[in-house]
Amino acid sequence: MPLGEVSSTLDVAQESAGQYPNPTWFTATRQTAPRGRRGRTWVETEGNFAATLTLPIENPAEAAFRSFIAALAVADALDAFVKTPASVSLKWPNDALLDGRKVAGILLESLSAQNRIWGVAIGIGVNLAAAPPFEAMDEGAVAPVALADIIGQTISPEDFLTQLAPAFAQWEQTFQTNGFTAIRTAWLARAAKLGEVITARTVRDTHTGTFDTVDDAGQLVLNTPQGRITVPAADVYF
């Protein structure tokens, strides 16, 4: 559903919870108050992709798996435009990288209707035309990049959605048929820094270790000097 200027497509998704029985994409030409993980401001530039998918779900416990599904869909959509698909990788928990730099981010929010969890809103931002200035990024964050910087042309948000929407539908069907195991395997095949030393920062702790895998709950698994640990949520730095 194309929109004009809105505060955030995630806001529209929240206001529309329960109104659309089928998966629905909300796209905006401009967001005045986009947001990222943990309340961060998402820096938006004209010509970039900004959209939210509302997805009804039967099992709220499986909502978080959609971050991995969305990441795979974003990667497939990027593959359609770059000459070397191997240059697209995925950073746990919710970023897509192009040539090792951040090109896209994903944010999930639960949707409630009639006093119950109705579904999930999947916000996706992709730097199609321009990347935010590096000084706007958090200290230690992966440097940003735009798709246009890599391929030498600007892809319209509409053209990107024509690749993204069917890719998401296909991966969602894979999940429904084969469960998270198939999604996890595909995601790990694209995982950035797998087998290398990374740092995961939670609200309370900082863990540095070798990125071993993602477990069957989607948690990050690190081999650290103190032993093998699982991290359910964190910001990752490398």
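Taken together, the values in this text are just the output of simple stated rules run on the coordinates, not laboratory data. Just so you know, these numbers come straight off a predicted model, no measurement behind them. Note: ideal-geometry Cβ built from the backbone for every residue, glycine included; neighbour counts use all protein chains shown.
Placing +1 on the Cβ of every Lys and Arg and -1 on the Cβ of every Asp and Glu, with no other charges, gives the chain a dipole of roughly 400 debye about its Cα centre.
For Ala28, the residues 5 or more places off, or on other chains, whose built amide H falls under 5 Å of its own are Leu3, Ala50. Each label point was placed 7 Å from the Cα along the Cα-to-Cβ direction; for Asn59 and Thr230 their separation is 1.5 nm. Our estimate of slack between Ala113 and Val197, defined as 0.36 nm per intervening residue step minus the Cα-Cα distance, is 26.0 nm.
Each of [x] 68, 34, 31; [y] 50, 44, 33; [z] 56, 42, 28 is a candidate for Cα extents along the principal axes in Å; the one calculated from this structure is [y].
Between Asp79 and Thr206, the simple spin-label model (points 7 angstrom out along Cα→Cβ) gives 3.6 nm.
Couplings 3J(HN,Hα) for segment 167-177, derived from phi with the Karplus relation 6.51 cos²θ - 1.76 cosθ + 1.60 (θ = phi - 60°), are 5, 5, 4, 5, 5, 5, 5, 4, 5, 5, 7 Hz, where x marks Gly and Pro.
In nm, what is the difference between 0.36 nm times the number of residues separating Asp159 and Phe238 and their Cα-Cα distance?
Values: separation 79, 0.36 × 79 = 28.44 nm, distance 3.20 nm.
Difference between extended and current length: 25.2 nm.
If a/c stays under 1.5 just call it rounded; otherwise compare a/b with b/c (prolate if a/b is bigger, oblate if not). Do that for segment 197-237, with a ≥ b ≥ c from the square roots of the Cα gyration tensor eigenvalues.
Working: a/c = 1.56, a/b = 1.07, b/c = 1.45.
In terms of gyration-tensor shape, oblate.
Of all lysines in the structure, the ones whose alpha carbon falls short of 20 Å from that of Lys193, not counting any fewer than 8 places away in one chain, are Lys91, Lys102.
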